[in-house]
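Visitor: Take this structure, written in structure tokens, and hold onto it; I'll ask about it next.
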Amino acid sequence: MLIDDSDRRLLRQLIATPEASTADVAARAGLTEATCWRRLERLRGAGILRGQRAVINWRALGYEVEVSLRITLDKTNPRAFDDFIAAARLVPEVLEIQTFLGRVDVRLNVIARDMAHYQQIYRDRILPLPHIADLEALMHLSDIKSAESLPL
Amino acid sequence: MIALDEIDRAILRALAEDATQSAGALGRKLGLSQPATWRRIKRLRDEGAIAGQRLDLDLAALGFGVTVFLGISLAAKGRVSLPDFERAVAAIPEVQTVQHVLGLYDYRLRVVARDLSDFERVWRRRIMTLPGVGGVDANVLLSEERLAGPL
């Protein structure tokens, strides 16, 4: 499906304020509400707009620590990626699993209530994950930009 | 910290999947009345358990074929103004997220581009010219999944 300038305007507005009503988004994108609604349906139908997800504020739920774990796998084992990812999915505190081409193979985003809780997750759940060759941690301090905007 | 019961957790799990569903539809799934569901959603929002919404877009279908994560370390720490760097990096349209981190790097960036040559343009013109950039490490995203988390 090809998208045109109206779709781009619509998506820009929707990315900026996902909670706004269709009427509001339509007005700001310079479209009628009916057109806006039809275009959104078309974007959903084509699989371009896959959904709108609520973002959970983990800090408000008592998870003060967020760590990005960058992992190198032992790639001599052909099942290293599959085994590792399947096992990582079972750790409840893992929020994101990403795979990369580059110096790092996999990254896990892990949250914990505090440093003691993090240490416990790290020792009991992360280190036993299969095929880890090397691992380094980045402690998350703050979000400077998190809108996931797009240069549409 | 917000105290959650099992129903609150179920509501958060459901909204993290689809934030557009109505209180009525969500209540039916959970065996709860529309007003009771609405009150719970309102409380979760008011108390900050829900930070907002995020669009889940097929970036490749929109013409953004490449996502790269950059780890940036600042040169000559202490002499670089962090606010200056942060303002400049957040203003780059291709930069989707910026996180201040502690560890091997100072900042973690998520960058989208149309293809690798478009990424090279962003890299040369926008990233390498940022005030105070020292080392940069790049990893091209191959796959990504987001999980429900401890709810």
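The values are calculated or read from the model by the stated rules, or taken from the named source; none is laboratory data. Since the structure is predicted, the reported quantities are computational estimates derived from the model, not experimental observations. Positions of Cβ are backbone-derived with ideal geometry, glycine not excepted, and every protein chain shown enters the neighbour counts.
Visitor: Would you mind telling me which numbered condition in (1) buried (at least 19 other Cβ atoms within 10 Å of the Cβ); (2) modelled with pLDDT under 95; (3) more than 9 Å from every other protein chain (Cβ to nearest Cβ); (4) within 22 Å of the chain's Cα centre (by Cα) residue A:36 fails?
Guide: Of (1) buried (at least 19 other Cβ atoms within 10 Å of the Cβ); (2) modelled with pLDDT under 95; (3) more than 9 Å from every other protein chain (Cβ to nearest Cβ); (4) within 22 Å of the chain's Cα centre (by Cα), only one is false for residue A:36: (4).
Visitor: Select from segment B:74-116 the residues that are within 15 Å of residue B:137 (Cβ to Cβ), surrounded by fewer than 21 Cβ atoms within 10 Å (Cβ to Cβ) and more than 7 Å from chain A (Cβ to nearest Cβ) and write down the one among them that is farthest from the chain's Cα centre (by Cα).
Guide: Going through the qualifying residues, I end up with B:75.
Visitor: Which residue out of B:19, B:60, B:3 is facing chain A (nearest Cβ under 7 Å), part of a loop (DSSP other than H, G, I, E, B) and farther than 21 Å from residue A:145 by Cα? Please lay out each step first, then the result.
Guide: Numbers: B:60 fails: facing chain A (nearest Cβ under 7 Å); B:3 fails: facing chain A (nearest Cβ under 7 Å).
Within the list B:19, B:60, B:3, the selection yields B:19.
Visitor: Among the residues of segment B:6-16, write down those that are within 11 Å of chain A (Cβ to nearest Cβ) and touching a Leu at 6+ places or on another chain (Cβ under 6 Å). Steps first, answer last, please.
Guide: Taking segment B:6-16 and keeping what is within 11 Å of chain A (Cβ to nearest Cβ), we get B:8-9, B:11-16.
Selection gives B:9, B:12, B:13, B:14.
Visitor: I'd like the full set of residues that are under 19 Å from the mean Cα position of the chain (by Cα) and of a type outside the set (A, V, I, L, M, F, W, C), limited to segment A:13-25. If you could, list the steps in order and put the result at the bottom.
Guide: Our first condition is that a residue be under 19 Å from the mean Cα position of the chain (by Cα); within segment A:13-25, this holds for A:14-19.
Passing the criteria: A:17, A:18, A:19.
Visitor: Can you say whether residue A:78 is at pLDDT 95 or above and over 22 Å from residue B:105 (Cβ atoms), as far as the supplied structure shows? It would help to see each step written out before you state the result.
Guide: Numbers: at pLDDT 95 or above: no; over 22 Å from residue B:105 (Cβ atoms): yes.
So residue A:78 fails the test.
Visitor: Which one is farthest from the other protein chains (Cβ to nearest Cβ) among residues in segment A:6-27 that are of a type in the set (A, V, I, L, M, F, W, C) and in contact (Cβ under 8 Å) with a residue 60 or more places away in the chain?
Guide: Step one: filter segment A:6-27 for residues of a type in the set (A, V, I, L, M, F, W, C), giving A:10-11, A:14-16, A:20, A:23, A:25-27.
Narrowing further to those that are in contact (Cβ under 8 Å) with a residue 60 or more places away in the chain: A:11, A:15-16.
Numbers: A:11: 7, A:15: 6, A:16: 10 Å.
Step by step, filter segment A:6-27, then rank; the result is A:16.
Visitor: Against the condition under 20 Å from residue B:69 (Cβ atoms), more than 7 Å from chain B (Cβ to nearest Cβ), at pLDDT 95 or above and in a strand (DSSP E or B), how does residue A:95 come out, does it pass? Please lay out each step first, then the result.
Guide: Working: under 20 Å from residue B:69 (Cβ atoms): yes; more than 7 Å from chain B (Cβ to nearest Cβ): no; at pLDDT 95 or above: yes; in a strand (DSSP E or B): yes.
It is false that residue A:95 is under 20 Å from residue B:69 (Cβ atoms), more than 7 Å from chain B (Cβ to nearest Cβ), at pLDDT 95 or above and in a strand (DSSP E or B).
Visitor: Kindly indicate whether residue A:123 is of a type in the set (D, E, K, R), surrounded by fewer than 18 Cβ atoms within 10 Å (Cβ to Cβ) and within 8 Å of another protein chain (Cβ to nearest Cβ). Reasoning before the result, please.
Guide: On the way: of a type in the set (D, E, K, R): yes; surrounded by fewer than 18 Cβ atoms within 10 Å (Cβ to Cβ): yes; within 8 Å of another protein chain (Cβ to nearest Cβ): no.
No.
Visitor: Collect the residues in segment B:11-45 that are in contact (Cβ under 8 Å) with a residue 60 or more places away in the chain and of a type in the set (A, V, I, L, M), keeping them in residue-number order.
Guide: Scanning segment B:11-45 gives B:12, B:16.
Visitor: Within segment A:39-57, which residues are facing another protein chain (nearest Cβ under 7 Å) and either surrounded by 15 or more Cβ atoms within 10 Å (Cβ to Cβ) or under 17 Å from the mean Cα position of the chain (by Cα) (or both)?
Guide: A:48, A:49, A:50, A:51, A:52, A:53, A:54, A:55, A:56, A:57
Visitor: Tally the residues that are surrounded by fewer than 21 Cβ atoms within 10 Å (Cβ to Cβ) and β-branched (Val, Ile, Thr), restricting the search to segment A:81-96. Before you say what the answer is, go through the steps one by one.
Guide: Initially, segment A:81-96 is screened for residues surrounded by fewer than 21 Cβ atoms within 10 Å (Cβ to Cβ), giving A:81-83, A:85-87, A:89-92, A:95-96.
Imposing the further condition that a residue be β-branched (Val, Ile, Thr) reduces the set to A:85, A:91.
Counting residues in segment A:81-96 that are surrounded by fewer than 21 Cβ atoms within 10 Å (Cβ to Cβ) and β-branched (Val, Ile, Thr) gives 2.
Visitor: So residue B:29 fits all but one of (1) more than 7 Å from chain A (Cβ to nearest Cβ); (2) of a type in the set (D, E, K, R); (3) surrounded by 19 or more Cβ atoms within 10 Å (Cβ to Cβ); what number is the exception?
Guide: (3)
Visitor: Of the numbered conditions (1) within 24 Å of residue A:76 (Cα to Cα); (2) at pLDDT 95 or above; (3) not β-branched (Val, Ile, Thr), residue A:103 fails exactly one; give the number of that condition.
Guide: (2)
Visitor: Same structure again: In segment B:63-93, which residues are in a helix (DSSP H, G or I) and in contact with a Gly (Cβ under 8 Å, 6 or more places away or on another chain)?
Guide: Looking only at segment B:63-93, we keep the residues that are in a helix (DSSP H, G or I), and these are B:82-90.
B:84, B:85, listed by residue number.
Visitor: Which residue is surrounded by the most Cβ atoms within 10 Å (Cβ to Cβ), if the candidates are limited to segment A:58-80 and must be basic (Lys, Arg) and part of a loop (DSSP other than H, G, I, E, B)?
Guide: Of the residues in segment A:58-80, the ones basic (Lys, Arg) are A:59, A:70, A:75, A:79.
The next check asks that each one be part of a loop (DSSP other than H, G, I, E, B); those that pass are A:59, A:75, A:79.
On the way: A:59: 14, A:75: 11, A:79: 10.
So the residue we want is A:59.
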